[in-house]
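Okay, structure first, notes after.
The values are calculated or read from the model by the stated rules, or taken from the named source; none is laboratory data. Keep in mind the model is a prediction, meaning the values are calculated, not measured. Cβ placement follows ideal geometry from the backbone for every residue including glycine, while neighbour counts extend to all protein chains displayed. Side chains included, ligands, DNA and RNA excluded: accessible areas come from the protein's heavy atoms. Shrake-Rupley method; radii C 1.70, N 1.55, O 1.52, S 1.80 Å.
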Amino acid sequence: EDRGLHGKPESDIFTVASWELGVPPEEGIVFEDANSGVQAGKNGGFGLVVGIAREDNAENLNQNGADCVVTDLKHFDPDWANAWFRLKPVSLFGSWDDPGKVRERSKEILTFEHLILNPLYLKTPKEIFAGSSRKPVFFLDYDGTLTPIVDRPQDAKISESMQEAVKRLADKYLVAVVSGRMREDVENLLGIEGLFYAGSHGFDIAGPGMSMIEPEAEETIPVVARVTEELKAGLNSIEGVIIEEKKFSVAVHYRLAPLESLPGIRAEVEARVSENKQSLRLMEGKKVFEILPAIDWNKGKAVTWIRRALGLSSRDSNVVYIGDDTTDEYAFRVLRGRGTGILVAKDEYPSSAQFRLSSPEEVGRFFETMLKTES
C-alpha cells in the first residue's frame, strides 16, 4: 500500500519482491493458496506456480493456472522443481493423438506422490485443439515463426502461401501478432489489415477498437535515441554489425559479424546499458543484443493486456502463442496452465512452451490443420 502497488491478481507484489531479491521471475517459484494469488504468479511470468489446496479447491487452483497443486508444503519436493525447469516441449505433430508421447515428456514430473499436475499438461494436441469447447485465439511472433530467420532484418519477407494462411486463419479465429519489430514495420511486412499488432516487444499495441503505448516506455524514447547514436559511433568500425532502430528499443545484430568481434560488440552494448541502468536493460536473443526500457513489460505482459482488453477468459478461450526466441518465453510462461505455448525450433531444449514445431513450414502446416478443425 505504501508503494502504491496493485494487489492480486496483479503481479506487482511478487515481481517487486523478486527484483529486490535479485532473482528474475522466470527462476522463481510462487506458492499460493488463493485463486487470485495463482493468477498473480502467472501474470508475473514466474517459472513455477504451486497451488496449496485448502479443502477441495485443487481443481480451481489448476483452472486458474497453477502448474501443480499439493495439499501440504511438506509434499513439495525440490527435486520435482528441478525436473520441472528441465522440461522440453514435445513435438506437436509427433504427439497429435498419442497420449503416451505427451506423458513421456512429463514422466519426470509424474513420479511424485501427493502432487496434482495441471490436467492441461497431460492432454494431446488433438484433445486441446479438436476436442475442446475452448475456442483458440492465436498470438504469433513474426521472425522465425512466420518467416525463416535471415541475416538482415529487412529481408524477412513473408511468403505468399504463409500470408494467405494467416489471412484465412484470421477469418476463422482472432489473431494477434506480437513482435520485437516496430509495430508499423511488422504491419507493413505482414500486410494484413484487421489483426491486432503488438510491436516493440509489446510496448506499442493497436488493433480493431483498441490502442495502447506503454507510458513508461514512451518516456525512455529520448534515451534510446541517444544510445542508438552512441552505438552507431562505437560499432561503426566492425564489419557485419547491423543496428536496428525501433523507437522504443535498439537491436544490435551480429549474425554477419566475425566471431572474434563478439567480445567487443558485447562490451560496447553492456557499457551503454551500464551508463543508463536506471532507464535501460539488456536482453539477448538469436545473434542479437537488444536494449529496452528497464520496466516490467514484455511480450507476456502484452498478451495479458490484450486478453483483458478483449475480455478473453481462460475458461472459454484457449490462447495459443507461437514463437521461436528467448523473448517469447515471457508469453509462454504467462499462458502455461491457462493456454498453449508452441515453440518453433529445429532442436529440443528446455522451454516453457508445451509443444514444438520444427520450422515456419510446420507452422503453416499447423495453420492448415486448424483451418480444417471444427470449432
**Study point:** Quotient of C-alpha Rg and 2.2 N^0.38 Å, computed over region 96-143
**Key:** 1.41
Review point. How many angstrom lie between the C-alpha centres of region 255-272 and region 308-346?
Key: 32 Å
Review point. Once amide H atoms are placed 1.01 Å from N in the peptide plane, what residues at a sequence separation of 5 or more from V319, or on another chain, have their amide H within under 5 Å of its amide H?
Key: V137, T340
Review point. So what's region 299-348 giving for Rg/Rh, alpha carbon basis, Kirkwood Rh from the mean inverse pair distance?
Key: 0.99
Point to revise | Note, ³J(HN,Hα) from phi for region 215-230, Karplus 6.51, -1.76, 1.60, rounded to Hz, x at Gly and Pro | key: x, 5, 5, 4, 5, 8, 3, x, 5, 4, 4, 5, 5, 4, 5, 5
Point to revise | Placed amide H near C68: partners under 5 Å, 5+ positions off or other chain | key: V49, G51, N118
Check your understanding: Which of the trypsin sites (Lys or Arg not before Pro) found in region 1-94 are in a DSSP loop and have at most 13 neighbouring Cβ atoms, other than their own, within 10 Å?
Key -> R3, R54, R86
Study note, to complete from the structure: Taking region 58-119, the whole-percent share of alpha-carbon pairs separated by over 13 angstrom is 66 percent
Practice item. Kindly write out, for region 142-147 in residue order, the coupling ³J(HN,Hα) from the Karplus curve 6.51 cos²θ - 1.76 cosθ + 1.60 (θ = phi - 60°), rounded to whole Hz, with x marking Gly and Pro. Key: 9, 5, x, 10, 8, 9
Review point. Amide H neighbours of V177 under 5 Å, counting only residues 5+ apart in sequence or on other chains, H built in-plane at 1.01 Å?
Key: L140, F196, Y197, A198
Review point. Tell me, what % of the accessible area of the chain is carbon and sulfur with a 1.4 angstrom probe?
Key: 48 percent
Check your understanding: For region 90-103, what does the Karplus curve 6.51 cos²θ - 1.76 cosθ + 1.60, with θ = phi - 60°, yield as ³J(HN,Hα) per residue in whole Hz, taken in order and with x for Gly and Pro?
Key -> 9, 4, 5, 6, x, 10, 3, 10, 10, x, x, 5, 5, 5
Revision key, fill the gap. Once the in-chain neighbours fewer than 8 apart are removed, the lysines whose Cα is under 27 Å from K372 read K101, K123, K126, K135, K157, K167, K172, K346
Check your understanding: With the radius of gyration and the Kirkwood radius both derived from the Cα set of region 160-270, what is their ratio Rg to Rh?
Key -> 1.08
Exercise for review: Whole number in Å², please: accessible area per residue of region 296-348, 1.4 Å probe, ligands, DNA and RNA not counted.
Suggested key: 31 Å²
